[in-house]
Every structure is written in C-alpha cells, then in structure tokens.
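Report on the structure given below.
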Amino acid sequence: QEWQPDGTYVDRSVDCAGDGLRIVPLDGGAPRVILAMTPDDEAYYTNPSWSPDGTTIALYGTGAGAPCDGYVLVNAASGATSQCFALPDYSSFGGGCGGSSETGASDWSPDGRTLAYHWQFRQGENGVALVDVATGQRHMILSTGASSVSFSPDGAHLVFAGAGYIWLADADGSGAQLLTEGWLTAWQPVL
C-alpha cells in the first residue's frame, strides 16, 4: 500500500513471477510458484517452514479460499496441499483480529514426523500443538500467549514462550518446566 498525503492509500501490486508461495533459487534461476494465489481466492498464507527432507512446506492459511483456517502442508514439487490442521474458532475475547498475530511460524522435529505450532485467542485449547503429520493426531501443551516454539537440534526437546516466560519440554510435550522470563527463543548450535 502506498499512502497518499491526504491519508488515503493506493494498492500497488508487484508481480514477482506470480503471486503465491514461491520457491526462489539462490543461483539466479527463475522463481517457481507452487501455490498460486489471486485476490479473488480470498486466501492468506504466512509463515512457511520447510520439512527436514525438503519435500513439504508447512504454512498458516486462512480465509475463504484456504483449505482450512490452520496449518497447511504443501508438496514442494507439485504445490498440492495434502493436509490441513484446523485451529479452533476465534474467541470473542483477547483482541484477535484474524491476522497472523494469533499464530506464528511452525517448526518441524528433526525427523520430520512432528509439526509444532502455536496459537492464541481461540476457543478452547490455546498453546502449542504437536501434530503427527502422518496421522494428524494432535497433542497440546496448554499455554496463554504461546509463541516462538522450536525443537532442539537433536529433537529431544522443544522450547516455547508463554505468558512472558520461556518453557522447556520433552519433544512429546511432557515434562514442561519454566526456564526464565522472555518472549523469543533460539537454540545455540553445538560446535
């Protein structure tokens, strides 16, 4: 959007080899759209995350044209969506407006069998979801204001932020323990 001096704005469109989910080679090759989108699709996607084997991209999708309001698995070769892990309906409290502020980037376990993601301001369970991508079975770590979830490089643990604190849990979501105050997490590489 380009804001004008009178307070109005003009929508500007940039065509970067098509709109949608693109794979852009670093060697200067042509970008490839694998999940095309148009304004008429009424779909919005954000927070892509590659599976460890490079065959699948998980991303958050919402809107009438998305497979569901949740995390979608996209085949990186064909662009086909295979699964969508739906989130609960929005709650009437918490200030959520339906945007990406209520959801965040997902992370894959190093073996590629589990997808971890979080949400807030939804009905029922809020927190960190651990989903078996083969079966769709979901395990929840309940947390207010969950964010910044990621697996350890060895896949044995995960960290996440919740309500202003950093938590550590086993990779299956058990044994959650408080580590410190904070909102963002990152694993230090083992050298």
**Study point:** Pairs, first under 17 Å from Ser82 (Cβ atoms) and open to solvent by less than 60 Å² (accessible area, probe 1.4 Å) in region 31-49, second outside any helix (DSSP H, G or I) and polar (S, T, N, Q), C-beta under 9 Å, six or more apart
**Key:** Ile34/Asn75; Ile34/Ser78; Leu35/Thr81; Ala43/Thr62; Tyr45/Thr62; Ser49/Ser106
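Give Pro5, Pro31, Pro25, Pro67 a once-over and let me know the one that is modelled with pLDDT of 75 or more, farther than 26 Å from Ala134 by Cα and either of a type in the set (Ser, Thr, Tyr) or touching a Cys at 6+ places or on another chain (Cβ under 7 Å) (or both).
Values: Pro5 fails: either of a type in the set (Ser, Thr, Tyr) or touching a Cys at 6+ places or on another chain (Cβ under 7 Å) (or both); Pro25 fails: either of a type in the set (Ser, Thr, Tyr) or touching a Cys at 6+ places or on another chain (Cβ under 7 Å) (or both); Pro67 fails: farther than 26 Å from Ala134 by Cα.
The conditions single out Pro31.
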Exercise for review: Go through Ser109, Ser150 for me and flag whichever is under 15 Å from Ile166 (Cβ atoms) and modelled with pLDDT of 90 or more.
Suggested key: Ser150
Exercise for review: Restricting attention to region 113-135, report how many residues are more than 18 Å from Gly162 (Cβ to Cβ), modelled with pLDDT under 90 and acidic (Asp, Glu).
Suggested key: 0
Check your understanding: Among the residues of region 60-74 satisfying the criterion of being open to solvent by 20 Å² or more (accessible area, probe 1.4 Å) and without any contact (Cβ under 8 Å) to a residue 24 or more places away in the chain, which is nearest to Val33 (Cα to Cα)?
Key -> Pro67
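Looking at region 174-191, which of its residues are part of a loop (DSSP other than H, G, I, E, B) and over 25 Å from Ala86 (Cβ atoms)?
Passing the criteria: Gly175, Gly182, Trp183, Leu184, Thr185, Ala186, Trp187, Gln188, Pro189, Val190, Leu191.
Residue-wise test of (1) of a type in the set (S, T, N, Q); (2) assigned to a strand (DSSP E or B); (3) modelled with pLDDT of 90 or more.
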| position | (1), (2), (3) |
| --- | --- |
| Gly145 | no, no, no |
| Gly155 | no, no, yes |
| Ile166 | no, yes, yes |
| Asp172 | no, no, yes |
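The values are calculated or read from the model by the stated rules, or taken from the named source; none is laboratory data. Keep in mind that this is a model prediction, so the values were computed, not measured. So basically every Cβ, Gly included, is an ideal-geometry build from the backbone, and we count neighbours across all protein chains shown. Keep in mind that these areas ignore ligands, DNA and RNA; they rest on the heavy atoms of the full protein, side chains included. Shrake-Rupley method; radii C 1.70, N 1.55, O 1.52, S 1.80 Å.
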